[in-house]
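To keep things clear, I will list the structure first and then write my remarks on it.
Coordinate-derived values only; no laboratory data. What you are looking at is a predicted structure, and each value in this text was computed from that prediction instead of being measured. Counting neighbours? That spans all protein chains shown, and the Cβs are built from the backbone with ideal geometry, glycine included.
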Amino acid sequence: MLAIESSCDETGIALVADGRDILADVVASQVALHAATGGIVPEVAARAHLRWIVPVLDAAFADAGVGWSDIDGIAVTYGPGLAGSLLVGINFAKALAWVHDLPLIGVNHLEGHVYAAWLADRGTDPLQPVFPLVALVVSGGHTFLVSMADHLTYRLLGTTVDDAAGEAFDKVGRLLGLGYPGGPAIQRAAAGATRRDVMFPRAWLGDSYDFSFSGLKTAARRIVDAARADEGLPAGDPEARLSDATVAELADGFQASVVDVLVTKTMRAAEETGAASIVLGGGVAANAVLRERLAAEADRCGVPLIVPRPGLCTDNGAMIGAAGARRFLAGERSGFDLDARPSLPLARR
Ligand code: KG4
Ligand code: ZN
């Protein structure tokens, strides 16, 4: 499967065999490009995809050492994501499918994040997820828990009622004066924390599997303002920065709050649905503390946990190849009328 991902700010193209084995996985990241604006400008993102998509394809073929005659189908993300970014990948995939007379398979980006759990790097034979399973997907735009009784079937257990977890990381990263994206910057800052005196709130939302992070963001703003006043910094002056020790403590407190809620709800869902395995995916799944906490809890409950390596948690083409191969085997084909679906959902309750 040749797989193309361009829904947000990474141009990813991969070659994946049997929905599992990564022959090549090339990602051109736009992080440096968007750091200047502190976030993604959609028009800039779409133009960067256009600039990089052909070199990324060439690099993927060179890495894999295969040719067009080895390809069975072309998988491409058609949503959710930024319309202009999605259209670059979709039209590129259509052109390649037309020229090489290959089937086209539209893939839901969120399904890709789940199916990253089935991927294997060259020469490795990792544990594969077993059904029934519970999957937590935490990314910049999405946060949800689903249960899967079998391949390609999802029951939504819970989702965020406001911000995505990654969005909260990015916003609080900005509040703390850390760069974009906030997730990795908060993880790095938090690793240096020596005090844990500041408690950030947790939004449990009762027994539901839903998540809410906007209250945490508001609390973070209040906590940061109080810390700035403590250090005698003038309000509204971004040049006057909190001490590294305080930034580390607040980053750690915020991260602990997000991780606590994500891990607690995922473990409860796994127990209540009798899950035989747990899958974690999405950009925030690259977070070391989340990975460690969930691994420890899953281990305690004796449920196998499958977490892709960080590079397969953030956006990439390989995960689209893994999901696309499943859809291909199930006989699914997309027409040349395949269109971008910026708000495409994955599952319903
Ligand atoms: O899945 P992804 O690459 O793109 C979307 O589909 O949204 O996720 C990007 C998100 C960003 O919000 C970023 O801050 C977050 O994932 N992220 C992290 C880490 N690495 C990336 N959040 C916390 N800790 C990390 N190490
Ligand atoms: Zn994503």
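General remarks:
- For Arg309, net neighbour charge (Lys/Arg +1, Asp/Glu -1) across residues whose Cβ lies under 15 Å away: -3
- The label-point distance for His151 and Arg122, in a model that sets each label 7 Å from Cα toward Cβ, rounds to 2.5 nm.
- Angle between the chain longest axis and helix 288-301 axis [Cα atoms, degrees, rounded to 10]: 80 degrees
- Two-decimal log10 I(q)/I(0) for the stretch 1-145, as the Debye equation yields it once each C-alpha is a single scatterer, q = 0.09, 0.11 Å⁻¹: -0.28, -0.42
- Protection proxy ranking, peptides 175-185, 222-232, average beta carbon neighbours within 10 Å, highest first: 175-185, 222-232
- For the peptides 280-292, 146-158, 241-253, the ranking by mean Cβ contacts within 10 Å, running from highest to lowest, is 280-292, 241-253, 146-158.
- Averaging the Cα positions of each part gives two centres, and for the stretch 60-76 and the stretch 285-328 these lie 24 Å apart.
- Each principal axis of the Cα cloud of the stretch 118-224 was taken in turn, and the coordinate range along them, longest first, works out to 45, 39, 23 Å.
- Descending Cα extents along the principal axes, the chain, whole Å: 66, 45, 36
- Global geometry of the stretch 146-198, whether rounded, prolate or oblate, following the gyration tensor of its Cα atoms and the 1.5 cut on a/c: prolate
- Principal-axis tilt of helix 244-273 within the chain, Cα atoms, nearest 10 degrees: 60 degrees
- In percent, rounded to a whole number, the relative contact order of the stretch 162-293 is 32, using alpha-carbon pairs under 8 Å and six or more apart.
- Residues of the stretch 282-298 with amide N under 16 Å of a point placed 7 Å along Cα→Cβ from Ser29: 282-288
- Each peptide among 331-343, 106-118, 261-273 gets the average number of other Cβ atoms lying within 10 Å of its residues, and from highest to lowest they stand as 106-118, 261-273, 331-343.
- Relative contact order for the stretch 126-207, counting Cα pairs under 8 Å that sit 6 or more residues apart, in percent: 18 percent
- Among beta bridges from DSSP that stay inside the chain, the antiparallel ones total about 60%.
- For Lys171, the lysines whose Cα falls under 25 Å of its own Cα, not counting residues fewer than eight places away in the same chain, are Lys217, Lys265.
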